[in-house]
């Protein structure tokens with residue numbers, strides 16, 4: 001592990017009883033959902049992680065507890081280090097507290113998180129879908145959401161396929 | 001025909017001011033079909049006369065589910081999807097994705113391939129900035145800029161066609177190296193470009209940099225402070241124009257960027273004009289990198305010799321059974337990657353282009369997340385346009401340099 005990261009990881013471990021693992025010089029710290037706001041506030045204020053580079057999730061369906069990992073990728077410009085925080089979330093009613101008060105970029109990223117995975121961010125100021133239309137059913141990046149496809153139309157079956165194509169018609 | 005619905009204020013109650021509810025201010029759509037939104041972007045504006053009170057961006061019109069599609073393909077096949085992401089920066093997208101794959105499976109890249117990647121990615125940066133310069137000139141009424149910029153961009157696209165066979169959707173950078181070595185004409189084509197381009201930048205600058213009409217539209221418009229920029233996750237030239245010296249090519253050098261001598265242009269004004277100056281300076285710096293990389297372009301192989309990930313050359317397949325098996329396995333099954341995750345990022349023309357890549361032990365990615373710079377850079381728009389005229393909004397939007405394919409993915 002990077003020498004500059006050691007005291008930071010130790011600090012989180014002591015204060016939040018977190019676990020961590022390492023892969024290809026990247027450090028992933030696991031914390032509980034209810035601690036995430038405090039962890040990020042600590043990292044931003046005490047350890048100079050100014051930038052929330054990415055906020056996303058990963059779905060481990062059919063595993064239920066935890067089904068998701070919410071991932072917060074942080075960068076420190078001053079110290080030139082990165083750190084990944086992972087938050088396990090259960091599948092039955094996936095929820096994490098919003099971090100928009102810590103990083104404003106989380107506003108759109110959490111809307112995307114809800115849109116794509118259906119993970120609710122409690123206390124979010126603007127909880128609408130962001131990429132998909134408002135009336136979409138389901139959350140596309142979940143592993144149990146089927147990947148759609150387009151039926152190719154040829155001259156001999158153009159009309160037949162056209163009848164069941166789901167696009168707007170006159 | 002679907003019904004045309006009026007914009008419902010109730011839906012945006014928490015985003016607009018109280019004056020919009022009484023009808024004192026007006027809600028107006030800008031886009032999705034509007035030439036200066038640079039794609040299919042809808043901005044819902046709350047206007048008091050011509051002053052923007054609130055701006056609510058509505059994105060997702062170009063959402064094509066690239067992340068979902070990539071999860072259903074093998075690591076090699078998923079690469080073509082990255083070209084379609086930010087179509088002004090195809091080489092950069094390829095590089096970012098391939099770097100993540102190489103990090104995940106721990107694959108080496110020979111020095112010649114690294115240098116070629118640097119040359120092409122920097123040329124791509126120049127091409128991308130040229131499109132930005134041309135279109136933002138167009139937005140501000142400098143019509144002829146567009147024609148001049150596209151003239152030079154054409155030359156870069158010709159170089160791409162020379163090396164990859166494609167002008168835009170290149171897919172030239174592959175796991176462990178590049179697709180194939182560059183043809184002999186490559187060096188001359190790049191040298192020609194290096195020779196003419198500095199004069200062309202001077203030409204652009206003589207048209208715009210001190211032009212009072214242009215400067216008046218840009219100075220003190222759309223001020224973005226350092227703290228706001230960082231909190232909103234803004235990266236790239238926009239962040240550097242706000243006084244933060246942060247460039248991943250310097251901070252975490254990849255592909256041997258540490259060997260090249262270049263500066264990171266920064267400004268402290270944080271306005272639209274500062275963003276313009278930073279990008280113009282970047283054109284010169286990128287050209288410096290291209291020239292240095294071309295001068296010391298090492299000879300040798302252009303892909304790794306690790307046959308578990310890189311297909312063998314055609315000549316070997318006819319004579320070696322092992323090569324045939326490797327080739328067959330690679331193109332039918334793909335290569336497996338460990339069950340773990342990596343995050344790798346490059347400096348794209350628009351900012352930090354990051355890839356979160358997670359393997360599941362098989363040949364397909366379990367999860368890939370594209371951290372695209374335009375998405376976060378657009379998020380700061382509502383903050384910086386408040387109190388400006390609608391015409392200034394066009395200038396600000398142009399200076400942020402968004403690509404909708406990059407935002408919607």
Legend entry - Elements of type strands (runs of 3 or more DSSP E) contained in region B:6-75, each with 2 or more residues being touching a residue at least 40 places away in the same chain (Cβ under 8 Å), within 14 Å of another protein chain (Cβ to nearest Cβ) and surrounded by 13 or more Cβ atoms within 10 Å (Cβ to Cβ): B:51-58
Legend entry - Residues of region B:383-408 that turn out to be within 10 Å of chain A (Cβ to nearest Cβ) and either touching a strand residue (DSSP E or B) at 6+ places or on another chain (Cβ under 6 Å) or surrounded by 23 or more Cβ atoms within 10 Å (Cβ to Cβ) (or both), as a count: 2
Inset, instruction - Could you run through region B:229-253 and say how many residues are in contact with a strand residue (DSSP E or B) (Cβ under 9 Å, 6 or more places away or on another chain), buried (at least 21 other Cβ atoms within 10 Å of the Cβ) and not in a helix (DSSP H, G or I)? - result: 6
Legend entry - Of the criteria (1) part of a loop (DSSP other than H, G, I, E, B); (2) touching a strand residue (DSSP E or B) at 6+ places or on another chain (Cβ under 7 Å); (3) more than 11 Å from chain B (Cβ to nearest Cβ); (4) buried (at least 19 other Cβ atoms within 10 Å of the Cβ), which one residue A:103 fails: (3)
Legend entry - Of all residues in region B:91-113 being out of contact with any helix residue (DSSP H, G or I) (no Cβ under 7 Å at 6 or more places or on another chain) and assigned to a loop (DSSP other than H, G, I, E, B), the one that is nearest to residue B:259 (Cα to Cα): B:110
Legend entry - Selection count, region A:61-95, where residues are out of contact with any strand residue (DSSP E or B) (no Cβ under 7 Å at 6 or more places or on another chain) and facing another protein chain (nearest Cβ under 9 Å): 1
Inset, instruction - Please work out if residue A:74 is in a strand (DSSP E or B) and closer than 30 Å to residue A:21 by Cα. - result: yes
Inset, instruction - Tell me, please, whether a residue that is more than 20 Å from residue B:395 (Cβ to Cβ), in contact (Cβ under 8 Å) with a residue 12 or more places away in the chain, within 14 Å of another protein chain (Cβ to nearest Cβ) and surrounded by fewer than 22 Cβ atoms within 10 Å (Cβ to Cβ) can be found in region B:107-119. - result: yes
Inset, instruction - Test residue B:88 against the criterion of being in a loop (DSSP other than H, G, I, E, B), more than 12 Å from chain A (Cβ to nearest Cβ), modelled with pLDDT of 85 or more and buried (at least 19 other Cβ atoms within 10 Å of the Cβ), and give yes or no. - result: yes
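Conditions (1) farther than 19 Å from residue B:94 by Cα; (2) within 10 Å of chain A (Cβ to nearest Cβ); (3) modelled with pLDDT of 90 or more; (4) over 22 Å from the mean Cα position of the chain (by Cα), marked per residue:
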residue: B:333; (1), (2), (3), (4): yes, no, no, yes
residue: B:341; (1), (2), (3), (4): no, yes, yes, yes
residue: B:347; (1), (2), (3), (4): no, no, yes, no
residue: B:352; (1), (2), (3), (4): no, yes, yes, no
residue: B:356; (1), (2), (3), (4): no, yes, yes, no
residue: B:371; (1), (2), (3), (4): no, yes, yes, no
Legend entry - Residue among B:328, B:335 that alone is over 30 Å from residue B:132 (Cα atoms), out of contact with any strand residue (DSSP E or B) (no Cβ under 9 Å at 6 or more places or on another chain) and part of a helix (DSSP H, G or I): B:328
Legend entry - Flag for residue B:184 being loosely packed, with under 14 Cβ neighbours inside 10 Å and either away from chain A (no Cβ under 14 Å) or within 30 Å of residue B:382 (Cα to Cα) (or both): yes
Inset, instruction - Return the residue satisfying two criteria in turn: it lies in region B:358-369 and is in contact with a strand residue (DSSP E or B) (Cβ under 7 Å, 6 or more places away or on another chain) and more than 10 Å from chain A (Cβ to nearest Cβ), and of such residues it is surrounded by the most Cβ atoms within 10 Å (Cβ to Cβ). - result: B:365
Inset, instruction - Scan region A:1-29 for residues that are crowded, with 17+ Cβ neighbours inside 10 Å and either assigned to a loop (DSSP other than H, G, I, E, B) or within 14 Å of chain B (Cβ to nearest Cβ) (or both) and jot them down. - result: A:5, A:18, A:20, A:26, A:27, A:28, A:29
Legend entry - Condition broken by residue A:154, with the remaining ones in (1) crowded, with 16+ Cβ neighbours inside 10 Å; (2) without any contact (Cβ under 8 Å) to a residue 60 or more places away in the chain satisfied: (1)
Legend entry - Criterion (out of contact with any helix residue (DSSP H, G or I) (no Cβ under 9 Å at 6 or more places or on another chain) and surrounded by 13 or more Cβ atoms within 10 Å (Cβ to Cβ)) met by exactly one of A:119, A:81, A:71: A:71
Legend entry - Options A:147, A:131; residue that is at the interface with another protein chain (Cβ under 10 Å from one of its Cβ atoms) and surrounded by fewer than 16 Cβ atoms within 10 Å (Cβ to Cβ): A:147
Inset, instruction - Only residues that are in a loop (DSSP other than H, G, I, E, B) and touching a helix residue (DSSP H, G or I) at 6+ places or on another chain (Cβ under 7 Å): list them for region B:307-325, please. - result: B:307, B:309, B:311, B:312
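The values are calculated or read from the model by the stated rules, or taken from the named source; none is laboratory data. Since we're looking at a predicted model, the values are computed, not measured. A quick note on method: Cβ atoms are made from the backbone with ideal geometry, for glycine too, and the neighbour counts reach across all protein chains shown.
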